[in-house]
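Submitted below is the structure of interest, expressed as structure tokens.
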Amino acid sequence: MTNDLQTENRTAALEVACETAVSGCVFRMRTEADDRERLLEITRDHVREQHGKAYTLEEIEEQHVNEVEVEIETGETDESEQNDG
């Protein structure tokens, strides 16, 4: 049985990406929807340490966190992807 956030092959996740393209920053983090607090804390620490800016967890959540849908990996492999040896 699935819930509102999850279908058979897809689920909701949270994503945040650093928007400082000028500095060349490539920070991006994606996690399960129920791990919001950890995502916010790691992002806050990244921005403070790498960019010298201080944001509250609330500011990060309101301005930078997006809910995205991601494909769930089943662990099954396609026969064409298997090694010959």
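The values are calculated or read from the model by the stated rules, or taken from the named source; none is laboratory data. Keep in mind the model is a prediction, meaning the values are calculated, not measured. Note that each Cβ is placed from the backbone with ideal geometry, even for glycine, and that neighbours are counted across all protein chains shown.
Look at the stretch 28-54 and say how many of its residues are in contact with a Leu (Cβ under 8 Å, 6 or more places away or on another chain) and over 17 Å from VAL68 (Cα atoms).
Here the count works out to 2.
Looking only at the stretch 31-56, count every residue that is of a type in the set (Lys, Arg), more than 23 Å from ILE72 (Cα to Cα) and touching a residue at least 12 places away in the same chain (Cβ under 8 Å) and tell me the total. Talk me through it step by step, then tell me what you get.
Step one: list which residues in the stretch 31-56 are of a type in the set (Lys, Arg), which gives 36, 38, 44, 48, 53.
Checking the rest, the ones that are also more than 23 Å from ILE72 (Cα to Cα) come to 44, 48, 53.
Subsequent filtering for residues that are touching a residue at least 12 places away in the same chain (Cβ under 8 Å) retains 44.
Number satisfying all stated conditions: 1.
Further, regarding this structure: In the stretch 12-27, which residue that is at pLDDT below 90 and among the β-branched types (Val, Ile, Thr) is farthest from VAL68 (Cα to Cα)?
VAL22
Looking only at residues in the stretch 27-57 that are in a loop (DSSP other than H, G, I, E, B) and not small (Gly, Ala, Ser), which one is surrounded by the most Cβ atoms within 10 Å (Cβ to Cβ)?
Filtering the stretch 27-57 down to residues in a loop (DSSP other than H, G, I, E, B) leaves 27, 52-56.
In the following step, the residues that additionally are not small (Gly, Ala, Ser) were identified as 27, 53, 55-56.
Working: PHE27: 15, LYS53: 9, TYR55: 17, THR56: 10.
If we take residues in the stretch 27-57 being in a loop (DSSP other than H, G, I, E, B) and not small (Gly, Ala, Ser), then TYR55 is surrounded by the most Cβ atoms within 10 Å (Cβ to Cβ).
Going through the stretch 32-85 one residue at a time, which ones are of a type in the set (D, E, K, R), modelled with pLDDT under 90 and closer than 30 Å to GLU8 by Cβ?
Within the stretch 32-85, GLU71, GLU73, GLU76, ASP78, GLU79, GLU81 meet the criteria.
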